[in-house]
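The values are calculated or read from the model by the stated rules, or taken from the named source; none is laboratory data. The shown structure was predicted, so the numbers you read here are calculated from the model rather than taken from an experiment. Cβ: placed from backbone, ideal geometry, glycine included. Neighbour counts: every protein chain shown. Please note that ligands, DNA and RNA were not included when accessible areas were found on the heavy atoms of the full protein model with its side chains. Shrake-Rupley method; radii C 1.70, N 1.55, O 1.52, S 1.80 Å.
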Amino acid sequence: MKKSKKWLIFPLILVVIIAAVLLGFFRLNRYQQEGALTLPGLKEAATVLRDEKGMAYIYAKNPDDAFMAFGFITAQDRLFQMELTRLFATGRISEMIGERGEPVDIRMRTIGFHRHAKRHAGILDPQTKLSIQKYVDGVNAYIKNCSSEHHLEFKLAGIKPGLWEPTDVLAIVYLMSWNSAANIETEIIAQMLVEKVGIEQAKEIFPLNLNPDDLSPGSTLPKSHAYALSGINLASDKNLLAYLQDRPLHVGSNNWTTGPQLSSGGKPIVANDPHLDSRVLPGPWYPCGIVTPEFRMVGVSIPGIPSIVVGRNEHIAMGVTNAYGDAQDLYVETLDPKDPHRYLEGDKSLPFEVLTEKLTIKDKNAPGGKKEKEIKIRLTRRGPVVSGVLPGLKTAKVLTLRWAPFETMGPLLGTEQLMSARSIAEVRKALSRFDIMMLNFVFADKEGNIGWIASGKLPIRSQGDGTVPYVVKDSKDNWIGWISFDKMPQIYNPQRGWVGTCNHDTVGKNYPYYYSSHLSPSYRYRRLRQLMETPEKKSVDHHWQFQRDPMNLMAKEIAPLMAKALTVHEDTKELGEILSKWDYIDHPDQPAPTIFQAVYREFALLVFQDELGEDLAKTMLKGWYFWQERLQQMVLEGTSPWFDNILTKDVRETRDALFHQAALTAIDKLRSSLGKDPMEWKWGKVHTIEFVSPIRREGFGKGLLGDGPHAFLGSGETLCRGIYEFKDPFKVTLSASLRMVADLRDDDKVLAVLPGGVSGRLFHPHNKDQIKAFINGDKVYWWFSDKAIQKHKKTTLLLKP
């Protein structure tokens, strides 16, 4: 941001803060929660009750009115957040932030969420289309009829909310789906490794995916038969590398369910903690209850999408994690040397399809405060060109992107059917149509049945693998079919009495298809197995504790080796002794987690940067899933040639030598920030989370409008997830965005807490009022029964036709 612009914003924020103080925060940025409002389009009156958290419970006489009220109420609380998400998904963020947003808009337009949303809207079945339209009508009714109470954030950001269309909803659905299919990162990194060290050496550090439930543990990554060409130099293409940055909703998660025999109350319990970047207030999820004669559903939605996918109804409970099914492929395409406007499929020359789109860019110096820019998007038969022109061995190349959801769209989304499902059989039927997103759904019903399904529709590849870009050599399609729903990973009523997922490899070696090479290391799931295999029956309190479990199983295997290597050197002996006494709990009051993470981070750099170079090593290490399980295997085996520094010709480095060298570097860095005494290098001093307002993420006013920093339990390797960026240790960027435990025996309430609040409005009392409970592990509830909702209601709003 330019200095002059900063000085314009500072006084504005200061005025807002002073005004808020003078008003006692009571009237600023509020909306009507009591009395009556007219909502044109309703068939019958609907009632909205709000509880002590500000959470809304909508009572409607029919589903159409429920969806309309849902849109209206969501807009009351989250319209500014919805607008930001829509601008991002549709490639219009530069309308708000100017030229800085232009590269992002170009990438979003190139991928084409909104372009394909328009096509999808045209084939929706009548009921799905009606439900989305009713939600949109509710949002638009709030925008048009309640302009005096629109979020203060719109004025501070200098924008106005525009009316919504069903295509906006679908574009956001596609954006969420994009973040559940992250293999493009693996393909880009894998290809750069091939470019740098050759295919054979690159395969030594390709992702290692382990399924702890497989009786014959080992990599489930099949042998690939078609590796990309060398010599195209992806690392030089800034356009392509930017696609590694455009994942605002990096998705992880844990979910599990116990059946009646393992649950203390005799009914299944479902637990879920989706992992997202939740630092921007009020958080990504919107909690709400919907009650109609047809169904009663309490849970969370993504603002802008009219569906609750985490929560419970009267019959079932469900939660989601990212399954990371590989639905993305990059293709190496050859430009026709005779005509750069055409590309080759073998000897066949085909013209690029060219789309023209127009960006509107905020510019205070332009007439009307905005300017327009025309962009061209080129497409082959596989998808849009996402790179610049790359130098090939003989002819110039480009990379194109193909994504399965754009080819599998159907008339049903399945989400509405999920909300009204009465059994796991009906959940399964709904998910058989949920082709748009690759998620692990864990669910249970009141009859005692439990299950898990990996949703989405994945291609069957002729080369058997999607880890590296596919070289187009002819007109044959390498996607030769689709994995049928019956063959997607799934389990029902397992004998052990529980099922869970932690973004890990859920398919065994005998699975007949390639599923993914972008999967979480197995540490969290192995810890979940340990907790589930204890003999006692599990209560709601047990599940709540499990979600905040800070045991680090990766450290339990590696730290003893690290400690031994450090203890033999006088200059690192103290660190080794601290690690030797560690219980492997990543607790804020302990110095050992800080030492382990700092040393292991430097160690990873030393292992890879001599062969790969510092830039490529850091690019690879940024993607934790790509290397963590592989490096652990190398450490435990102890003799990998990657430990030797190829730049020191007369010395052969060992694993332990690198541990020592890494520790010396870590000591220098930790001393500069935490002092000389290693016992004072407490994890909670560096592993912190800070919450910010979307309009002030840094600089003056950030602390006043946000919250924190707070010491944070756990790490990237624990069930209590707290991931930091490799390039910027150790501030938490990814954590639980919700913790929910739903006991189907308890029809009054659901245990659930957000790292923020219900309202997306500055100064609102429910903007960040759940943070303390989230950090401390205190219990917060969604109310489910009429009796509980009435008991805890604080306001009543009547919505009239």
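Worth pointing out:
- Per-residue SASA entry for residue 712, accessible area with 1.4 Å probe, Å² rounded to 10: 10 Å²
- Compactness of the range 622-748 as Cα Rg over 2.2 N^0.38 Å, two decimals: 1.44
- Column: log10 I(q)/I(0), Debye, Cα scatterers of the range 249-390, q = 0.21 Å⁻¹: -1.23
- Dividing the convex hull volume of the alpha carbon atoms of the range 51-156 by its residue count gives 125 Å³ per residue.
- Taking the Cα centre of the chain as reference, the dipole from Cβ charges on Lys and Arg (+1) and Asp and Glu (-1) amounts to some 2100 debye.
- Restricting the GluC sites (Glu not before Pro) of the range 654-755 to loop positions (DSSP other than H, G, I, E, B) with no more than 10 neighbouring Cβ atoms within 10 Å leaves 698.
- Whole-number accessible area per residue in Å² for the chain, which is evaluated in the context of all protein chains at 1.4 Å: 38 Å²
- With the alpha-carbon atoms of the range 644-708 aligned to their principal axes, the span from lowest to highest coordinate is 56, 28, 16 Å, starting with the largest.
- Each principal axis of the range 676-760 carries a Cα extent, and these read 54, 34, 21 Å when sorted largest first.
- For the cross-link pairs 537/768; 155/800; 581/622; 155/371; 509/564, the ones whose C-alpha atoms lie over 25 Å apart are 537/768; 155/800; 581/622; 509/564.
- On full extension, the segment bounded by residue 476 and residue 149 gains 112.0 nm, given 0.36 nm per residue less the C-alpha separation.
- Cα-based shape type of the range 567-700, given that a ≥ b ≥ c are square roots of the gyration tensor eigenvalues and the cut on a/c is 1.5: oblate
- Under Stokes-Einstein, with the Kirkwood radius over Cα pairs as Rh, the value for the range 34-87 at 4 °C and 1.567 mPa s is 107 µm²/s.
- Listed values for the range 506-519 are Karplus-derived 3J(HN,Hα) couplings in whole Hz (6.51 cos²θ - 1.76 cosθ + 1.60, θ = phi - 60°), namely 9, 10, x, 5, 8, 5, x, 10, 6, 9, 5, 10, 10, 9, and x replaces Gly and Pro.
- Where only C-alpha atoms are counted, convex hull volume of the range 389-456 per residue in Å³: 106 Å³
- Gyration tensor (Cα) of the range 714-801, equivalent ellipsoid semi-axes in angstrom: 31, 18, 10
- Percent accessible area from carbon and sulfur atoms, the chain, protein chains only, probe 1.4 Å: 53 percent
- Gain on full extension, evaluated as 0.36 nm per residue between residue 160 and residue 510 minus their Cα-Cα distance, stands at 120.6 nm.
- Summary value for the chain: 19 percent relative contact order, contacts being C-alpha pairs under 8 angstrom separated by 6+ residues.
- For semi-axes √(5λ) of the Cα gyration tensor in Å, the candidate list reads (1) 39, 33, 29; (2) 46, 34, 23; (3) 44, 32, 26; the entry that matches the value derived from this model is (1).
- Note on residue 44 and residue 119: with the Förster distance fixed at 41 Å, the Cβ-Cβ geometry gives a FRET efficiency of about 0.75.
- Using a Förster distance of 35 Å, the FRET efficiency for residue 241-residue 364 (Cβ separation, nearest 0.05): 0.70
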